[in-house]
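Below is one structure, written out as structure tokens, with a few remarks after it.
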4 protein chains.
Amino acid sequence: MLRFLTAGESHGEKEIAILEGFPAGIKISIDFINNELKRRQEGYGRGPRMKIEKDKVKIISGIKKGETIGSPIAIMIDNRDFSIEKLPEVKNVRPGHADLPGVLKYGFNDARCVLERASARETVTRVAVGAICKLLLLEFNINVFSHTIGLGNIKVQNNKISIADIKKLTKNSDLRCIDKDVEKKMHKLIDKTKKDKDTLGGIIEVISEGIPPGLGSYVQYDKRLDTKLSGALMSIPSVKAVEIGDGIKNALKLGSKVHDEIYKGVKRKTNRAGGLEGGVTNGENLIIRAYVKPISTLMKPLDTINIDTGEETEAVKERSDVCVVPSAGVIGESMCAIVIAESFLEKFGGDCLQDIKESYEHYITRIKRFFN
Amino acid sequence: MLRFLTAGESHGEKEIAILEGFPAGIKISIDFINNELKRRQEGYGRGPRMKIEKDKVKIISGIKKGETIGSPIAIMIDNRDFSIEKLPEVKNVRPGHADLPGVLKYGFNDARCVLERASARETVTRVAVGAICKLLLLEFNINVFSHTIGLGNIKVQNNKISIADIKKLTKNSDLRCIDKDVEKKMHKLIDKTKKDKDTLGGIIEVISEGIPPGLGSYVQYDKRLDTKLSGALMSIPSVKAVEIGDGIKNALKLGSKVHDEIYKGVKRKTNRAGGLEGGVTNGENLIIRAYVKPISTLMKPLDTINIDTGEETEAVKERSDVCVVPSAGVIGESMCAIVIAESFLEKFGGDCLQDIKESYEHYITRIKRFFN
Amino acid sequence: MLRFLTAGESHGEKEIAILEGFPAGIKISIDFINNELKRRQEGYGRGPRMKIEKDKVKIISGIKKGETIGSPIAIMIDNRDFSIEKLPEVKNVRPGHADLPGVLKYGFNDARCVLERASARETVTRVAVGAICKLLLLEFNINVFSHTIGLGNIKVQNNKISIADIKKLTKNSDLRCIDKDVEKKMHKLIDKTKKDKDTLGGIIEVISEGIPPGLGSYVQYDKRLDTKLSGALMSIPSVKAVEIGDGIKNALKLGSKVHDEIYKGVKRKTNRAGGLEGGVTNGENLIIRAYVKPISTLMKPLDTINIDTGEETEAVKERSDVCVVPSAGVIGESMCAIVIAESFLEKFGGDCLQDIKESYEHYITRIKRFFN
Amino acid sequence: MLRFLTAGESHGEKEIAILEGFPAGIKISIDFINNELKRRQEGYGRGPRMKIEKDKVKIISGIKKGETIGSPIAIMIDNRDFSIEKLPEVKNVRPGHADLPGVLKYGFNDARCVLERASARETVTRVAVGAICKLLLLEFNINVFSHTIGLGNIKVQNNKISIADIKKLTKNSDLRCIDKDVEKKMHKLIDKTKKDKDTLGGIIEVISEGIPPGLGSYVQYDKRLDTKLSGALMSIPSVKAVEIGDGIKNALKLGSKVHDEIYKGVKRKTNRAGGLEGGVTNGENLIIRAYVKPISTLMKPLDTINIDTGEETEAVKERSDVCVVPSAGVIGESMCAIVIAESFLEKFGGDCLQDIKESYEHYITRIKRFFN
């Protein structure tokens, strides 16, 4: 059973995570993890704080001679701005954040006690954990990648596309968008929105290639892979809708236009199901989309109340990104990688890479006849 | 900790569930549960099987003198068509179902071993469990209800609406649609689709009223209420996308048009967040939508392969509903009620209704000053 | 992940369990399960109720053509004495039972609401679940068996003994004792105790043979096999102490006399550790002992209070076994079998017997060189 | 739901833990935690390494202005001897440790990959987590304390004793023994054993005072407090048996001499049940004992094999304590405090101290009439 917990406040000393149940024998590249952290920090429309954060991971346990040893992996990332005890109290709670619900729930008189933890800063540890899971999946040629398919009201024409193509097309894109012309429009929209002191959301798509069929389960509601994936994606701050394959469009169409017919060798011409049938992977690419709301802290503050007086006022301005959609993509990849790794280990068992490989290869051989 | 497991095959003797962690002292109305089961079976567009099923719940444990006693509640519902051992093998796997992934996963040579469990018949137990959770929530004036807001390509104009109004407007609606004119169009679409031997999907909206602020949590990814709710909704067969509040629309809009500003007394003019900020309830109605794909078994069968020969053929026809969207609404209510009850009990603790009430009332009193 | 829930009251209609996460492809013998239920009911010193109960299992789901299909397995056992609503209220709470703590916890005014569930009757479902797990383990030549090693103050001289020998020696023993002479003394003690209207406890030992090394884990406190086994054994009503190997004696001895030295081929001359080192199986037999207190309901009632008046009185007499130690042995086997099966599946993964066998055999081959 | 994970290797940089689900509003005294760490390191018979370790906790998250804020609490303790990558490989596996089972399980060729994590060094984080839980329990006047009741073959005459008395009597005892004369004998035994290059085990008793009745549950095997407590105690390295109350002695006695009769005001003259009836606390002190085996690393090494050659040899000497029983007592307290805190929060709910206090006081008032 793979599990992890994260800890850390936005302006605390460090962000921490413990990843537990990870098998032995996987080579861990610190550079790979740091590059994932870097990918999370990039993106046109990020605010000045991103410039002071240059996240570097430190692994404290679970690794010897560069390889995992089956023990819990403790991860640490320093916060450059460690000031939690000195920062001012927050009384003017921000709509769209956990500020007010958190103050009510816990009985605080300072929303800083909430926002320090509810901050998306926490996702840096998820990306580090996700990177480690990606390293496991790569041993089985499973790739997880994402791109931006919508930013504000600008959408990308998105057809079936491979990760190789996405990587090529988004190589120099600071919005991780596959279409240069569309990206230009997005840049303009971000610039304008910034001038207007407003914020933008968007849509990201996470694609996983090389997934064997049979991950997940239909036997119990909480073992379905769609249950786990949608929960994992929805747990990302700002994500308010999750779609598997063409889930939204499909709801409007006829059954005969929705389901992915099967041909000899388990070939399919379409993948509208996003690689999941009955909560179980079917061997097609896993496709999942997350709808990201515009971030809640505006430089043109929203109306709100003061939690001491109850009187109306303007929300505090805590931070100033215009748009975090490309980052959400990287975080989405991480959450997917974690969920897939968990299901993978549950199916193939094994405490070390060697055993898992044996088990995996036996399975692939067993089902091979269907794919010829 | 509230938890439940379900068991049963579509043509097995019974559907079973055990609900564990439910407090003592809640009056259980069998009529209420049976009425929920009836609501699940209704709806224009259901096939003939629905006529032979008249689900009645039997409670085997956990209740004495009509009240819960804190012990596990075992639920049973008979299947009228108990024939699992006699039914023919299924070799021509249906696209869109777990048939093929299940066969690969488990090494079956008969997809019936899959589809009997992967069938949506299983949701009858979830509705019974959800009904019991609703009875708990009703003690605290929490209502959970749903309506159909889309069927095929026909959408309902849906503004902020109360459960009382939905109940009134959908009273005689066999599609649980609040707009009579729209419903007529839906009927026509269903009739036409039936004639064409095709199937339809749609969109359902679940609304929960009376939810106290502070349920759920922002402190860990898997404790967020949005994580749990989206997983729970996505676990319903045929649901392929989940949206909280206006999650999809919001992704396209400016931040200033998305967040729900707060006014004196924690009043809000909008509820685009669907009652959740930072994964925690904010006191507004909880609004969650599920996008339901058209069911996968068509009377005009899809192309597929035979799992013995690998040759191309037509999918088996197992069942003949045109549209199950209204049922999905009732199942969606149930999953929401279960998740809310779980979070409610985690927050307020208590092993019996009396203790929970004390704890709840203390909390409401504590936060009252914000709402004046 | 293997998990199960049980439901049912002592005088309710049925005892129910759902076993979830059990793999496909295991042949289920109803006779085997029923024989386990019979073993649980036997034993010198059981009261008259045992004569009216002739437990027979009914499996409602999860099986097709006599084999598991990976779906949840629902189990039912009828209670012959279904009278819960008619039985008198219990006001005079029995010391040693959950009666009083349960009344306080839940706010009942009738301890029957407690004792109906707290009754050891519930263990019948555990034995059925354990029997199914034994059938899985038998596929890998893992045997789990028990015998009585103490009854009241009479102890059995117990040396390293094989399951085959235990089975042979206890064949006609109604106390499941390997020593005929000792058994005679036990019979006499039971007879005398019965005449004295008193009750007896004892000690049981559960032995598991054929366990591969490497089950369980030392990496996290809650993944250790000793954590799980001791919790599982202690969860049996009346068990108040649990010992792994010679755990109690070993605490008094010198280190040089406690640890099991290792010789070529991983041979050991002793197994004082009971097959567990660092929370992980080491390939030796798994040996675990449970200390069973005398049952709490005496025909010569204990002093107690009436929960209505608070006044002192005598405890109610609910049931009249003198000694349930042999039954506890069978229940202990079941709990061990469940825990071992869970760890086994976690290690070897696989959704069906064929896959698990491949994975298991690969592992055995991998570690073989140590054992030559 | 309270949960925690620990990470860290014995000669790694740090020991880490994350404690999750802890409520807001509890004052955290770093001195209190450090004192608990100090108590863990003390004791006659500890080796020289204890002198170089002077454990100090550092809390990285979850606290603001000295109070918990409901967010995960990350704990760090430095290892003074950070040398994991430089230490020699371990080929001569130690009997009694996880060395060999770990090597088999994970396919290592160096037992250091096992013993670094399987080391009891990890328990330092459990003591820190336990200390935090104790601070919560102290708010409700719940005290958890332990003493040594056996060392090698020397036992302490142990009658019903209060924590206040234990504290007084063990104040200057480096073995945490309440009897000065017995302690002298223990010192001598330790000295002799050290000279003989052997090791010693013993027995510790953990007492919890002020526990309200109704913690734990009888409704499901895994919710019983005895299940959780025995698992938690057994998870401590070297513990091989766990006893609740007089569980071992009681198994040998008559029922009439075992159960704790109840008198007016829920008074009892005895507490042989150790405060638990039916898996639920009954308001008496919680008493639990752990049987600690002599540590496995002897200066006079045991016979074993070399994992490379398979040839017979002597076990490696990794460390040189003679006796760790007093430390085991402190760790036992910690595990008990964690389990009690978890059950307490499950019963009383509440996200912050204020709410929990209200809920607790209501409950105490509700059950008061029984205790008058």
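The values are calculated or read from the model by the stated rules, or taken from the named source; none is laboratory data. Since the structure is predicted, the reported quantities are computational estimates derived from the model, not experimental observations. So basically every Cβ, Gly included, is an ideal-geometry build from the backbone, and we count neighbours across all protein chains shown. When the accessible area is computed, the model is the full protein with side chains, heavy atoms only, and any ligands, DNA or RNA have been set aside. Shrake-Rupley method; radii C 1.70, N 1.55, O 1.52, S 1.80 Å.
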Practice problem: Check whether at least one residue in region D:100-111 is over 24 Å from residue C:220 (Cα atoms), of a type outside the set (Lys, Arg) and touching a residue at least 12 places away in the same chain (Cβ under 8 Å), and report yes or no. | Solution: no
Exercise. Scan region A:219-228 residue by residue and report those that are of a type outside the set (Val, Ile, Thr), open to solvent by 10 Å² or more (accessible area, probe 1.4 Å) and facing chain B (nearest Cβ under 8 Å).
Key: A:221, A:222, A:224, A:228
Quiz item: Regarding residue D:329, is this residue farther than 30 Å from residue C:259 by Cβ and more than 10 Å from chain C (Cβ to nearest Cβ)?
Solution: no
Quiz item: Could you count how many residues in region C:154-168 are surrounded by 13 or more Cβ atoms within 10 Å (Cβ to Cβ) and under 20 Å from residue C:188 (Cβ atoms)?
Solution: 3
Self-check item: The listed residue being open to solvent by less than 30 Å² (accessible area, probe 1.4 Å) and farther than 30 Å from residue C:4 by Cα, out of A:260, A:179, A:191
Solution: A:260
Quiz item: Any idea which of (1) more than 13 Å from chain B (Cβ to nearest Cβ); (2) open to solvent by 10 Å² or more (accessible area, probe 1.4 Å); (3) without any contact (Cβ under 8 Å) to a residue 60 or more places away in the chain is the one residue A:71 doesn't satisfy?
Solution: (2)
Quiz item: Out of (1) aliphatic (A, V, I, L, M); (2) within 14 Å of chain A (Cβ to nearest Cβ); (3) part of a loop (DSSP other than H, G, I, E, B), the odd one out for residue C:345 is which?
Solution: (3)
Exercise. Evaluate region B:350-358: report whether one residue or more is closer than 30 Å to residue A:242 by Cα and either part of a loop (DSSP other than H, G, I, E, B) or touching a His at 6+ places or on another chain (Cβ under 9 Å) (or both).
Key: no
Self-check item: Residue within region C:76-83 that is surrounded by fewer than 18 Cβ atoms within 10 Å (Cβ to Cβ), modelled with pLDDT of 95 or more, within 24 Å of the chain's Cα centre (by Cα) and acidic (Asp, Glu) present
Solution: yes
Practice problem: Taking residue A:124 as meeting all but one of (1) under 21 Å from residue A:229 (Cα atoms); (2) more than 14 Å from chain D (Cβ to nearest Cβ); (3) open to solvent by less than 20 Å² (accessible area, probe 1.4 Å), write down the number of the exception. | Solution: (2)
Quiz item: Has region C:114-121 got at least one residue that is farther than 18 Å from residue B:68 by Cα and either open to solvent by less than 10 Å² (accessible area, probe 1.4 Å) or of a type in the set (Ser, Thr, Tyr) (or both)?
Solution: no
Quiz item: In this structure, is residue C:116 closer than 26 Å to residue C:209 by Cβ and at pLDDT 95 or above?
Solution: no
Quiz item: Can you name the residue in region C:359-372 that is in contact (Cβ under 8 Å) with a residue 40 or more places away in the chain, open to solvent by 10 Å² or more (accessible area, probe 1.4 Å) and in a helix (DSSP H, G or I) and, of all such residues, is farthest from residue C:267 (Cα to Cα)?
Solution: C:360
Practice problem: Say whether the condition of being within 14 Å of chain B (Cβ to nearest Cβ), small (Gly, Ala, Ser), touching a Phe, Trp or Tyr at 6+ places or on another chain (Cβ under 6 Å) and closer than 29 Å to residue D:4 by Cα is met by at least one residue in region D:353-369. | Solution: yes
Exercise. Can you run down the residue pairs with Cβ atoms below 6 Å, 6 or more apart or on separate chains, where the first is in region D:208-227 and under 15 Å from residue C:119 (Cα atoms) and in contact (Cβ under 8 Å) with a residue 24 or more places away in the chain and the partner is of a type in the set (Lys, Arg) and not in a loop (DSSP other than H, G, I, E, B)?
Key: D:217/D:223
Practice problem: Using the structure shown, decide if residue D:118 is within 14 Å of chain C (Cβ to nearest Cβ), touching a helix residue (DSSP H, G or I) at 6+ places or on another chain (Cβ under 7 Å) and small (Gly, Ala, Ser). | Solution: yes
Exercise. Name the residue, out of D:60, D:33, D:26, that is crowded, with 20+ Cβ neighbours inside 10 Å and without any contact (Cβ under 8 Å) to a residue 40 or more places away in the chain.
Key: D:60
Quiz item: If you scan region A:249-282, which residues turn out to be more than 7 Å from chain B (Cβ to nearest Cβ) and part of a helix (DSSP H, G or I)?
Solution: A:249, A:257
Practice problem: Select from region A:283-313 the residues that are touching a helix residue (DSSP H, G or I) at 6+ places or on another chain (Cβ under 9 Å), assigned to a strand (DSSP E or B) and within 7 Å of chain B (Cβ to nearest Cβ) and list them in ascending order. | Solution: A:291, A:292, A:304, A:305
Quiz prompt | Condition met for residue C:272 (without any contact (Cβ under 8 Å) to a residue 60 or more places away in the chain and either aliphatic (A, V, I, L, M) or open to solvent by 10 Å² or more (accessible area, probe 1.4 Å) (or both)) | solution = yes
Quiz item: When residues of region D:187-210 are filtered for being away from chain C (no Cβ under 11 Å) and more than 19 Å from residue D:40 (Cα to Cα), how many remain?
Solution: 6
Quiz prompt | Which listed residue, of A:3, A:39, is under 20 Å from residue A:321 (Cα atoms) and either more than 7 Å from every other protein chain (Cβ to nearest Cβ) or open to solvent by less than 20 Å² (accessible area, probe 1.4 Å) (or both) | solution = A:39
Quiz item: Which residues, counting only those in region D:85-102, are more than 8 Å from chain C (Cβ to nearest Cβ) and open to solvent by less than 10 Å² (accessible area, probe 1.4 Å)?
Solution: D:90
Quiz item: Give me the pairs: first residue in region A:342-357 and more than 15 Å from residue A:232 (Cβ to Cβ) and of a type in the set (Gly, Ala, Ser), second residue surrounded by 20 or more Cβ atoms within 10 Å (Cβ to Cβ) and at pLDDT below 95, beta-carbon distance under 6 Å, and six or more apart or on different chains, which are they?
Solution: A:349/C:349
Quiz prompt | Residues of region B:258-299 satisfying the condition of being closer than 20 Å to residue B:325 by Cβ and among the charged types (D, E, K, R) | solution = B:289, B:293
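Residue by residue, here is whether (1) of a type in the set (A, V, I, L, M); (2) closer than 30 Å to residue C:79 by Cα holds:
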{"position": "B:31", "(1), (2)": "no, yes"}
{"position": "B:35", "(1), (2)": "no, yes"}
{"position": "B:60", "(1), (2)": "yes, yes"}
{"position": "B:103", "(1), (2)": "yes, no"}
{"position": "B:107", "(1), (2)": "no, no"}
Quiz item: Which residue pairs have Cβ atoms closer than 6 Å, lie 6 or more positions apart in sequence or on different chains, and pair a first residue in region A:125-145 that is on the phi < 0 side of the Ramachandran plot and in contact (Cβ under 8 Å) with a residue 40 or more places away in the chain with a second residue that is crowded, with 22+ Cβ neighbours inside 10 Å and of a type in the set (Ser, Thr, Tyr)?
Solution: A:125/A:6; A:126/A:334; A:127/A:334; A:130/A:334; A:144/A:208
Quiz item: Could we say that residue C:192 is under 21 Å from residue C:149 (Cβ atoms) and either assigned to a loop (DSSP other than H, G, I, E, B) or not aliphatic (A, V, I, L, M) (or both) here?
Solution: yes
